[in-house]
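Structure first, then comments.
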Amino acid sequence: SGAEAHERERFGRLTWDYFKAFIRTERFRALSHPLTETMSALGTVVILWYGTRLVLAGGALSAEEFIVFLAFSMKLYSPVKYLGKLPAIIQPGIVASERVFEFLDAPIEVQDRDGPRTFEGVREGIVFDNVSFHYREGEPVLDGISFEAPAGSVTALVGPSGAGKTTLMDLLGRFYDTTGGRILVDGIPLQEYSMTSLRHGLGIVSQETVLFHDTVRSNIAYGLPGPISDEDLEAAARAAHAHEFVSRMPKGYDTVVGERGTQLSGGQRQRIAIARAILRDPPILVLDEATSSLDSESERLVQDAVGRLLEGRTVFVIAHRLSTIQRADRILVMEAGRVIQRGSHDDLLQEGGLYRHLHDLQFQAT
Ligand SMILES: Nc1ncnc2c1ncn2[C@@H]1O[C@H](COP(=O)(O)OP(=O)(O)O)[C@@H](O)[C@H]1O
Ligand SMILES: [Mg+2]
């Protein structure tokens, strides 16, 4: 999901920061040790030379006083050397404490209530009732979103990047809970359903399809509780237009993807993800369409597979493709956390405004 991708990216960034800090302090540590050692050795030489001269010249310094001074100055070196090491000790501490505070600041995880219901499907529809959400207090990301998605319908979310489309869908999967308003499935608030049953009933086909370094078979069957028969697997792959290219691979469904020579194209990865979703057969489907366009043959196959995936489900699609948008029962145009336009494709084109603008930009309407 979007949240997971976001977390992954954030984790990657923090790890990189830590790595850089680590290298910096290691370099400093590696340099500072010989440096302080050399300095203290030089210091001793200077003191010995100057002190001996004073003692031998007579009067200015007695031999005993010089020995005492020498002993104390030696004692001074180790705290000074320690000071030199201080940054190397403190820096990782600062990085670590930043991470601790980030963890403490993170919103409380979504939890099941006592005796939750099991989500089994959508009979009437899903209602977003004045839904608001913020990740951080005072920075609203969604602001009073209301609409109804009848069971079996397709709702398209359209809008510029950062409008809150992915966040709205994350709320539907209860990756976060709404901070205002409610989401109801057949009149029952989402919080009443157990997380496990809800996540089970909600399929997500996202922009960044994650394939594991594993066989095509395992990648398609990923996340399913029981063993899958070859027939079911193949049927899903066929419906997703994946069977043809998979069976052309050296070991068919047993080919390990990601290995040299079996890199999959974007369109092929998407079709594997669609096969995965078809096999899971979730009553609610969230489709986060890829922004990047595929070659026209892949595009046609992906669109056709998506068409089959939509059938008989309550679908929400973050839509970038005209063909998907035209197929939607309703289009919500989002901007800065609000729904600013809604209707059918034709109505919205008539209406002008942001939809018309986005449409013209994206599809170079003639
Ligand atoms: N996990 C997160 N923590 C904090 N802010 C986030 C997070 N995810 C998204 N946002 C912010 O929420 C806003 C909406 O983002 P998003 O839902 O991804 O929009 P869209 O999918 O329409 O591009 C953006 O301003 C984004 O920076
Ligand atoms: Mg998004």
Give, as residue ranges, the helices (runs of 4 or more DSSP H) completely inside the stretch 149-248 that count at least 3 residues that are open to solvent by 10 Å² or more (accessible area, probe 1.4 Å). 165-172, 195-200, 230-239, 243-247
Picked from the stretch 302-320 (must be more than 16 Å from ligand 1 (Cβ to nearest atom) and open to solvent by 30 Å² or more (accessible area, probe 1.4 Å)), the residue farthest from Gly125 (Cα to Cα) is Asp304
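Have a look at Asp129, Asp143 and point out the one that is within 30 Å of Glu311 (Cα to Cα) and touching a Lys or Arg at 6+ places or on another chain (Cβ under 7 Å).
Numbers: Asp143 fails: within 30 Å of Glu311 (Cα to Cα).
Going through Asp129, Asp143 in turn, the sole match is Asp129.
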Right, Phe103: closer than 30 Å to Tyr18 by Cα and surrounded by fewer than 11 Cβ atoms within 10 Å (Cβ to Cβ) or not? yes
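In the stretch 290-297, is there at least one residue being within 17 Å of Leu211 (Cα to Cα) and within 16 Å of ligand 2 (Cβ to nearest atom)?
Narrowing the stretch 290-297 to residues within 17 Å of Leu211 (Cα to Cα): 290.
If we keep only those that are within 16 Å of ligand 2 (Cβ to nearest atom) as well, we get 290.
Yes, the stretch 290-297 has at least one match.
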Among the numbered criteria (1) at pLDDT below 85; (2) farther than 30 Å from Phe66 by Cβ, which single criterion is violated by Arg24? (1)
Looking only at the stretch 119-143, count how many residues are part of a strand (DSSP E or B) and in contact with a Phe, Trp or Tyr (Cβ under 6 Å, 6 or more places away or on another chain). 3
Of the residues in the stretch 347-366, how many are open to solvent by 50 Å² or more (accessible area, probe 1.4 Å) and closer than 30 Å to Ile278 by Cα? 2
Among the residues of the stretch 154-181, what is the count of those that are among the polar types (S, T, N, Q), near ligand 1 (Cβ under 7 Å from one of its atoms) and within 21 Å of Gly343 (Cβ to Cβ)? 0
Residue that is least open to solvent (accessible area, probe 1.4 Å) [pool: residues in the stretch 267-288 that are in contact with a Ser or Thr (Cβ under 6 Å, 6 or more places away or on another chain) and charged (D, E, K, R)]: Asp288
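Give the residue that is surrounded by the most Cβ atoms within 10 Å (Cβ to Cβ), with candidates limited to residues of the stretch 321-346 that are assigned to a helix (DSSP H, G or I) and touching a residue at least 24 places away in the same chain (Cβ under 8 Å). Spell out the reasoning first.
At the first step, the residues of the stretch 321-346 found to be assigned to a helix (DSSP H, G or I) are 322-327, 345-346.
Okay, now just the ones that are also touching a residue at least 24 places away in the same chain (Cβ under 8 Å), so 322, 324-325, 327.
Values: Leu322: 13, Thr324: 21, Ile325: 24, Arg327: 18.
So, considering only residues that are assigned to a helix (DSSP H, G or I) and touching a residue at least 24 places away in the same chain (Cβ under 8 Å), the one surrounded by the most Cβ atoms within 10 Å (Cβ to Cβ) is Ile325.
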For the stretch 1-40, how many residues meet the condition of being loosely packed, with under 11 Cβ neighbours inside 10 Å and farther than 30 Å from Asp170 by Cβ? 3
Determine if the stretch 77-85 includes at least one residue that is surrounded by 14 or more Cβ atoms within 10 Å (Cβ to Cβ), of a type in the set (Lys, Arg) and not assigned by TED's automatic domain parsing to the domain that holds Arg327. yes
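The values are calculated or read from the model by the stated rules, or taken from the named source; none is laboratory data. As the structure is a prediction and not an experimental result, all values here were calculated from the model. Glycine also receives a Cβ, built like all others from the backbone with ideal geometry; neighbour counts cover every protein chain displayed. In case anyone asks, the SASA skips ligands and DNA or RNA and just uses the protein heavy atoms, side chains included. Shrake-Rupley method; radii C 1.70, N 1.55, O 1.52, S 1.80 Å.
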